[in-house]
Amino acid sequence: MIAQPKLNKGNIDEVLKAMTLEEKATLVVGGGWGSMTAGSLTASDASLVSGAAGTTRAIPRLGIPSTVLADGPAGLRINPTRPGTTQTFYCTGFPVGTVLASTWNTELVEQLTTAMGEEVKEYGADVLLAPGQNLHRNPLCGRNFEYFSEDPLLTGKMSAAYVKGIQSNGVGVSVKHFAANDQEVNRMQNDSRVSARALRELYLKGFEIAVKESDPWTVMSSYNKINGEFTQQSHGLLTTILRDEWGFNGIVMTDWGNKEGTVAAVHAGNDLMEPGMQNEIDRIIAAVKDGSLDVADLDRNVRRLLEYIVRTPRFAGYKYSNKPDLAGHAKLVRKATPEGLVLLENNGVLPLKDVKKVALYGTGAYDFIAGGTGSGNVNKAYVRNIAEGLRVNGLEVDKDIETWYRQYIDLTKTSLRNNTAGNGLGILLGDPVVPEMEVTRSFMERKLGATDIAILSISRNAGEGDDRKNADGDWTLTGNERQMIQTLADLYHAAGKKLVVVLNIGGVIETASWKHIPDAILLAWTPGQEGGYAVADVLCGAANPSGKLPMTFPVAYYDIPSSANFPANYSDGNSIDLAALMGGARTPRVLRKDIDYTEYAEDLMVGYRYFTTAGKNVSYPFGYGLSYTTFEYSKPSVKVGKDGITATITVKNTGSVAGKEAVQLYVSAPAGGLQKPACELKAFAKTKELKPGETQTLTLTFDAYTLASFNEGTSAWETAAGAYKAFFGASVADIRATASFKIGKAQSWPANPVCLPKK
Ligand code: BGC
């Protein structure tokens, strides 16, 4: 007779000992797909949460409950309605990851995710499958909106803040997708072929920071391979790097799929298979029986699962209310969102003055895009559009234009839904995006006299399952959109009036060819359910935008080195001399068209690292964003102490309205060490809201390890001795102050030679 202890925090060993092989295999395989369908629950606990992406299985004999895992990252994703009740279970649609990163404000991000975590807890989930933190290697990755930035430091700091906020509620996160999951085309099989150095410095660095600074409960291994091995099955990645080097002590779960190498995954340290299927349980049992899986590996993973389970609210029997503070969170989101909106152009028209009647064009102005599609789409009760936002700010939206748009949107949506119904791609594609309506010049002309200003919203959406396209209507404007911008500008300018463009888009688009035409461009991103209010608050001056770009807007798509090796469209004869930029250190292979693998031939030359090193023009640089006020930077000081480097700089609001400023500290290394990009972000800080004339001294800290580069020859992180330059920028291209500091002694930190490219 097997003993039957009931799980508690102090008896994990005893419970582990009491488990049968079948029970162990059951615990490391999730409860199946069923929990995603309203009302159909597969796991044994009938109180589970409808619409959650996954569960862990219960073993009632040992007092082990099921736990619930639900998406993320722009809020909790569960079903909003349930059979048998009129109660609703909507969640707040928070700003997407890219908007959070655009705030450059870790405190604000933590505040927002503290609220988000309350929804996770009060709706009965245990883990939010978020944050998404893959790098923006290429702007056309379909899921970039869920992710933070092209820079690993900004990514890591944002992720750590996000994790702290969620976990302050006593629920967990799953930092995803670990790692180098930077495209959606062929995402289940694709092999990311990347040098050890770029992997460590770029694609792993953000995860390293998040793990070390915020102690996430769980990490989600990705679908793809790195250098020929599935990440889910990579002992080097999941054990050597993640646990041995970084000290991670939570659980790793797979992304949602069932790969044949279950046994290799268990061995690698992938503790939980999600969403979980019977054949995975069977494989594990068979492998232990035939000796191809060491039961010690299974026991290790089971122990971690038990350690996770005793931390969960479900294990504690938490009585969740199903009534999170949605009203409070909506207010918080509306107030926070302008910090993530980026003012790209403003010739003085914003904030609007002496404007009463608005000619509001663009489908997105009435059918605002709050977030992307796929598992990252939150079921929110409503989305505020720009028309509503302008009205609550006291403006009038022209009725004819509004009526016309609303009719067009309703009709088009109905026909699009009918056309796509039943294609089975519902969860991935979401609601169809309504193509921009064509508006004739004569209509615009008729409306010119009745309105004081034209505002045009340009919309794009993207999401899980596909990458964006280098094509009109996606990366570039359509002919119709171009014409609308030009015609509205011509008409309104001739009448002494202005045109403002709002970009309601999830990722970077081409701007260089048209950005000079309107009087202002506000980049709203897809900023969540309060987006239309936040946009109008900024346009009308109720809020001062303080977002700055967490990525570069290039002049042309093929200016981006990774465009030679990204499956959206491949460049012909890409002429970027990467070898020269990397000091001839390697001869990058620029391969085209390969759907089974992606050669990360650009190596470290991602985003601003490339543009600053090559001295190439961009449309908007990394870190860029305007404000309604101006700031002055003092002379900085940089001190090297025992615990690291401390920089201080005083920022003064020299304009006439209150505002916040994000200061970025870029460092360039002395010659002599490894060849490096021209500069790299090493710290950043944002002021509080400074009144006109007010100053604040910011302290920016980092350590010698943050300065290190990864030497493939020695398999070690190395910080060279010598004189470093610190650049204090309002963007990477707008350096306001410089200082230098000295690292007296070279330092190095050994690392393991794992996840290496195949020779
Ligand atoms: C996505 C994950 C998500 C999971 C569960 C996967 O397809 O890649 O980001 O958390 O589904 O919905």
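The values are calculated or read from the model by the stated rules, or taken from the named source; none is laboratory data. This one's a predicted model, so the numbers in the text were calculated from it and none came from an experiment. Reconstructed Cβ throughout: ideal geometry from the backbone, glycine too, with neighbour counts over all protein chains shown.
Residues that are touching a Lys or Arg at 6+ places or on another chain (Cβ under 8 Å), at pLDDT 95 or above and either closer than 30 Å to Val49 by Cα or in a loop (DSSP other than H, G, I, E, B) (or both) do occur in the stretch 397-420.
Mind listing whichever residues of the stretch 481-519 are without any contact (Cβ under 8 Å) to a residue 24 or more places away in the chain and of a type in the set (D, E, K, R)? Within the stretch 481-519, just Asp490 meets the criteria.
Restricting the stretch 448-465 to residues that are surrounded by fewer than 20 Cβ atoms within 10 Å (Cβ to Cβ) and either within 16 Å of the ligand (Cβ to nearest atom) or part of a helix (DSSP H, G or I) (or both), which is nearest to the chain's Cα centre (by Cα)? The residue in question is Gly465.
Quick one: is Phe710 modelled with pLDDT of 95 or more and buried (at least 18 other Cβ atoms within 10 Å of the Cβ)?
Numbers: modelled with pLDDT of 95 or more: yes; buried (at least 18 other Cβ atoms within 10 Å of the Cβ): yes.
Yes; evaluated as a whole, the condition is true for this residue.
Could you please find all residues in the stretch 156-195 being of a type in the set (Ser, Thr, Tyr), within 23 Å of Met116 (Cα to Cα) and within 16 Å of the ligand (Cβ to nearest atom)? Walk me through how you get there before you give the answer.
First, the residues of the stretch 156-195 that are of a type in the set (Ser, Thr, Tyr): 159, 162, 168, 174, 192, 195.
The next check asks that each one be within 23 Å of Met116 (Cα to Cα); those that pass are 159, 162, 168, 174.
Hits for the stretch 156-195 are Ser159, Tyr162, Ser174.
Count of the stretch 217-263 residues, restricted to those that are within 13 Å of the ligand (Cβ to nearest atom), assigned to a loop (DSSP other than H, G, I, E, B) and surrounded by 19 or more Cβ atoms within 10 Å (Cβ to Cβ), is 5. The residue that is surrounded by the fewest Cβ atoms within 10 Å (Cβ to Cβ), counting only those in the stretch 65-79 that are in a loop (DSSP other than H, G, I, E, B) and within 16 Å of the ligand (Cβ to nearest atom), is Asn79. Residues of the stretch 309-325 that are closer than 11 Å to Glu119 by Cβ and charged (D, E, K, R): Lys323, Asp325.
When Asn346, Asn377 are checked against the criterion of being within 16 Å of the ligand (Cβ to nearest atom) and either out of contact with any Asp or Glu (no Cβ under 7 Å at 6 or more places or on another chain) or among the aliphatic types (A, V, I, L, M) (or both), a single residue qualifies: Asn377. Of the residues making up the stretch 658-687, those that are part of a loop (DSSP other than H, G, I, E, B), touching a Lys or Arg at 6+ places or on another chain (Cβ under 9 Å) and among the aliphatic types (A, V, I, L, M) are Ala658, Ala669, Leu674, Ala678. If we scan the stretch 479-500, do we find a residue that is under 30 Å from Asn379 (Cβ atoms), under 30 Å from the mean Cα position of the chain (by Cα) and modelled with pLDDT of 95 or more? Taking every residue of the stretch 479-500 in turn, at least one turns out to be under 30 Å from Asn379 (Cβ atoms), under 30 Å from the mean Cα position of the chain (by Cα) and modelled with pLDDT of 95 or more. Within the stretch 13-46, being at pLDDT 50 or above and within 16 Å of the ligand (Cβ to nearest atom) holds for Val29, Gly30, Gly31, Gly32, Trp33, Gly34, Ser35. Any residue at all in the stretch 480-501 that's within 27 Å of Arg391 (Cα to Cα), surrounded by fewer than 24 Cβ atoms within 10 Å (Cβ to Cβ) and aromatic (Phe, Trp, Tyr)? Among the residues of the stretch 480-501, at least one is within 27 Å of Arg391 (Cα to Cα), surrounded by fewer than 24 Cβ atoms within 10 Å (Cβ to Cβ) and aromatic (Phe, Trp, Tyr), which makes the answer yes. In this entry, Glu122 passes the filter for residues that are more than 16 Å from the ligand (Cβ to nearest atom) and charged (D, E, K, R). For the stretch 166-190, the set of residues classified as surrounded by fewer than 24 Cβ atoms within 10 Å (Cβ to Cβ) and modelled with pLDDT of 95 or more consists of Gln167, Ser168, Asn169, Gly170, listed by residue number. Total residues in the stretch 546-587 satisfying the condition of being modelled with pLDDT under 85 and in contact with a strand residue (DSSP E or B) (Cβ under 9 Å, 6 or more places away or on another chain): the figure is 1.
Of the residues Ile251, Ile281, which is more than 24 Å from Pro216 (Cβ to Cβ), of a type outside the set (Lys, Arg) and touching a strand residue (DSSP E or B) at 6+ places or on another chain (Cβ under 6 Å)? Before the answer, list the steps.
Details: Ile251 fails: more than 24 Å from Pro216 (Cβ to Cβ).
Going through Ile251, Ile281 in turn, the sole match is Ile281.
For the stretch 143-189, residues that are charged (D, E, K, R) and closer than 10 Å to Pro131 by Cα total 2.
Restricting Gly372, Gly328 to those that are within 29 Å of the chain's Cα centre (by Cα) and within 16 Å of the ligand (Cβ to nearest atom) reduces the list to Gly372. Taking first residues from the stretch 459-480 that are over 29 Å from Asn224 (Cα atoms) and partners that are in a strand (DSSP E or B) and aromatic (Phe, Trp, Tyr), no Cβ contact under 6 Å between residues at least 6 apart in sequence or on separate chains turns up. Taking the stretch 129-146 as the range and being more than 13 Å from the ligand (Cβ to nearest atom), in a loop (DSSP other than H, G, I, E, B) and closer than 13 Å to Asn181 by Cβ as the test, the residues that pass are Leu135, His136, Arg137, Asn138.
Determine whether Gly228 is on the phi > 0 side of the Ramachandran plot and among the small types (Gly, Ala, Ser). Talk me through it step by step, then tell me what you get.
Details: on the phi > 0 side of the Ramachandran plot: yes; among the small types (Gly, Ala, Ser): yes.
Considered against the rule, which asks whether it is on the phi > 0 side of the Ramachandran plot and among the small types (Gly, Ala, Ser), Gly228 comes out as yes.
Considering (1) within 16 Å of the ligand (Cβ to nearest atom); (2) assigned to a helix (DSSP H, G or I), the lone condition that Glu339 does not fulfil carries the number (1).
Filter the stretch 625-657 for residues that are assigned to a strand (DSSP E or B) and of a type in the set (S, T, N, Q) and give the result.
Of the residues in the stretch 625-657, the ones assigned to a strand (DSSP E or B) are 626, 631-633, 637-641, 644-653.
Answer for the stretch 625-657, where residues must be assigned to a strand (DSSP E or B) and of a type in the set (S, T, N, Q): Ser637, Thr646, Thr648, Thr650, Asn653.
Would the stretch 724-745 turn up any residue that is within 30 Å of Glu229 (Cβ to Cβ), buried (at least 20 other Cβ atoms within 10 Å of the Cβ), touching a residue at least 12 places away in the same chain (Cβ under 8 Å) and in contact with a strand residue (DSSP E or B) (Cβ under 8 Å, 6 or more places away or on another chain)? Spell out how you get there, then give the answer.
Quick first cut of the stretch 724-745, residues within 30 Å of Glu229 (Cβ to Cβ) only: none.
No, there is no match, as no residue in the stretch 724-745 is within 30 Å of Glu229 (Cβ to Cβ), buried (at least 20 other Cβ atoms within 10 Å of the Cβ), touching a residue at least 12 places away in the same chain (Cβ under 8 Å) and in contact with a strand residue (DSSP E or B) (Cβ under 8 Å, 6 or more places away or on another chain).
Can you tell me how many residues in the stretch 300-337 are basic (Lys, Arg), under 19 Å from Gly170 (Cβ atoms) and surrounded by fewer than 21 Cβ atoms within 10 Å (Cβ to Cβ)? Spell out the reasoning first.
Here is the first cut: in the stretch 300-337, the ones basic (Lys, Arg) are 300, 303-304, 311, 314, 319, 323, 331, 334-335.
Still in the running and under 19 Å from Gly170 (Cβ atoms): 304, 311, 314, 319, 323.
Remaining after also requiring surrounded by fewer than 21 Cβ atoms within 10 Å (Cβ to Cβ): 311, 319, 323.
Count: 3.
Only residues that are assigned to a loop (DSSP other than H, G, I, E, B) and over 25 Å from Glu208 (Cβ atoms): list them for the stretch 688-717, please. Matches in the stretch 688-717: Lys688, Glu689, Lys691, Pro692, Gly693, Glu694. You will find that of Asp182, Asp126, Asp151, the residue that is more than 18 Å from the chain's Cα centre (by Cα) and of a type in the set (Asp, Glu) is Asp126 and no other.
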